[in-house]
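Okay, so here's the structure we're looking at.
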Amino acid sequence: MTTYFAPSTLEEAVAYLQANQTIKIIAGGTDLLVAHYQELDTLPGLMDIGNIAELKTIATGEEVEIGALVTHEDIARHPWLQQHVPFLSQGAAQVGGPQIRNRGTIGGNLVHASPAADGAPPLIVLGAVVELTGSAPVQVPLEEFFIGPGKTVLAPDQILTKVKFSKPAANQGGAFLKLGKRKAMAIATASVAVLVTVDNNCLTDLRICLGSVGPVPLRARKTEDVLRGQKVDLLDLAAAEKKLQEEISPIDDIRGSAEYRRQAAGALLRRALQQAINNVGVTQND
Ligand SMILES: Cc1cc2nc3c(=O)[nH]c(=O)nc-3n(C[C@H](O)[C@H](O)[C@H](O)COP(=O)(O)OP(=O)(O)OC[C@H]3O[C@@H](n4cnc5c(N)ncnc54)[C@H](O)[C@@H]3O)c2cc1C
């Protein structure tokens with residue numbers, strides 16, 4: 001019989017995890033229960049972190065902090081996030097269906113480390129860092145958190161406690177686009193998030209991150225290099241798309257062929273760039 005422990009504070013949870021490093025953490029359970037449904041009785045133990053109130057908060061301002069237990073629905077419906085980081089809320093609104101969005105947490109989404117996780121690309125282009133708490137809290141850039149499908153740098157004695165990023169500036173705009181087989185309950189066949197910085201009609205900086213086209217959410221740095229410094233109304237999109245094709249490494253699977261994903265990623269990039277440029281400044285109106 002599996003042991004079950006449900007701490008109500010982070011301190012308790014960390015102490016329990018330090019003493020029981022083989023147990024599984026469960027948050028919303030939407031990934032974990034699917035993965036272990038047939039073997040729940042034989043798991044070494046479960047620690048349910050769902051009662052830890054301090055992991056459920058969203059702090060807003062120049063620095064934004066989202067607790068690991070914040071659900072996709074919380075992010076989708078949060079008025080401040082909708083206004084200041086709309087592409088993050090829009091991405092959260094596309095996760096699964098209402099039941100999944102109300103149970104599934106941002107922490108679980110990141111730790112499960114699916115290359116298709118919808119939470120990752122928008123947060124990576126925002127330059128987010130994750131806080132991992134074990135014997136002491138450490139911060140890791142989200143981009144470096146993922147090391148393979150289902151694999152992260154999280155140690156067995158660590159809990160992901162929050163994700164942090166800076167509010168986009170007035171000269172920045174973002175977009176997140178997801179292509180799935182349906183409009184709901186669809187894991188991404190390909191997705192792309194873009195955050196652009198525009199000064200005097202020039203794309204002075206940008207970040208691009210794609211989902212489902214490689215083993216981890218993929219920051220397309222070489223494609224960014226192609227586009228950086230160009231006039232926003234004269235972007236060389238053909239050159240950018242060519243570079244993108246060199247950077248991504250999609251596979252054939254049930255959701256689409258590698259070739260289809262290549263085409264889709266290019267088209268999504270073009271659209272996301274345009275949307276992000278159109279969105280510059282619109283997030284700042286109070
Ligand atoms: C029908 C269906 C549709 C879905 N659709 C989508 C979709 O469209 N887009 C998408 O991105 N995902 C989708 N998912 C996947 C899933 O719902 C999300 O990844 C969700 O955010 C996972 O969060 P959770 O709280 O349920 O994680 P859990 O299942 O509780 O945990 C997932 C993993 O993370 C670990 N974990 C959880 N929280 C922490 C923490 N704070 N610290 C350390 N480890 C932790 C657990 O041990 C486990 O290994 C779908 C799932 C289902 C079943």
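What follows is calculated from the coordinates using simple rules that are stated; it is not laboratory data. Treat the numbers as computed from the prediction; the structure is a model and nothing was measured. Backbone-built Cβ (ideal geometry, glycine too); neighbour counts: all protein chains shown.
Taking the chain as the reference, fit the longest principal axis to its C-alpha atoms, fit the long axis of helix 10-19 to the helix C-alpha atoms, and give the angle between the two in degrees, 0 to 90, nearest 10.
70 degrees
FRET efficiency for L234 and V138, Cβ-Cβ distance as r, R0 = 51 Å, nearest 0.05? Walk me through the numbers before you get to the answer.
On the way: r = 43 Å, r/R0 = 0.85.
Given R0 = 51 Å and the Cβ-Cβ separation, E is 0.75.
Just need the relative contact order of region 172-281 here, percent rounded to a whole number, with Cα pairs under 8 Å and 6+ apart.
Working: 217 pairs, mean separation 35.5, N = 110.
Computed over region 172-281, the figure is 32 percent.
Please work out the Cα center distance from region 1-45 to region 154-217, rounded to the nearest Å.
Measuring centre to centre over Cα atoms gives 29 Å.
Relative to the first principal axis of the alpha-carbon coordinates of the chain, what is the inclination of helix 237-247, with its axis defined by its Cα atoms, in degrees from 0 to 90 and to the nearest 10?
40 degrees
If the reach is capped at under 20 angstrom between alpha carbons, list the lysines near K167, excluding any in the same chain fewer than eight residues apart.
Candidates past the 8-residue exclusion: K56.
Given labels modelled 7 Å from the Cα in the Cβ direction, how far is it in nm from F5 to V282?
Each label point lies 7 Å from its Cα, and together they span 4.9 nm.
Please give the contour-minus-distance gain from R182 to V153: 0.36 nm per residue of separation, less the Cα-Cα distance, rounded to one decimal in nm. Don't skip to the answer; put the middle values down first.
Numbers: separation 29, 0.36 × 29 = 10.44 nm, distance 3.22 nm.
That works out to 7.2 nm of additional length.
For a test of the definition: using alpha carbon positions, the gyration tensor, and the 1.5 limit on a/c, classify region 1-75 as rounded, prolate or oblate. Provide the component values of the computation, followed by the final result.
Values: a/c = 3.09, a/b = 1.64, b/c = 1.88.
Cα axes put region 1-75 in the oblate bin.
Counting pairs of alpha carbon atoms under 8 Å apart in space and at least six apart in sequence, what relative contact order in percent does the chain give?
16 percent
What are the ³J(HN,Hα) values, in whole Hz, obtained from phi via the Karplus relation 6.51 cos²θ - 1.76 cosθ + 1.60 with θ = phi - 60°, for each residue of region 101-115 in sequence order, with x given for Gly and Pro?
5, 7, 9, x, 9, 5, x, x, 4, 6, 5, 4, 6, 6, x
Which residues' amide hydrogens lie under 5 Å from the amide hydrogen of G256, considering only partners 5 or more residues apart or on another chain, with H built in the peptide plane?
Here nothing satisfies the definition.
Could you grab the relative contact order for region 4-166? Cα pairs under 8 Å, six or more apart, rounded to a whole percent. Provide the component values of the computation, followed by the final result.
Working: 301 pairs, mean separation 38.3, N = 163.
Reported relative contact order: 24 percent.
Compute the Kirkwood hydrodynamic radius of region 4-166, taking the inverse of the mean of 1/r over all pairs of distinct Cα atoms, and give it in Å to one decimal. Could you put the intermediate results ahead of the total?
Details: mean 1/r = 0.0630 Å⁻¹.
Over region 4-166, the inverse of the mean reciprocal pair distance is 15.9 Å.
Percent of alpha carbon pairs in region 172-281 separated by more than 15 Å?
Values: 3582 of 5995 pairs.
Summing the P(r) tail past 15 Å for region 172-281 gives 60 percent.
Would you mind estimating how fast the chain diffuses translationally, via Stokes-Einstein at 20 °C and 1.002 mPa s with the Kirkwood radius over Cα pairs, in µm²/s? Spell out each step's value before the answer.
Values: Rh = 19.4 Å.
Using the Kirkwood radius from Cα pairs, D works out to 111 µm²/s.
Counting only helical runs of four or more DSSP H residues, what would the 222 nm mean residue ellipticity of the chain come to if each run contributes -39,500 (n - 2.57) and the total is spread over all its residues?
-9000 deg cm²/dmol
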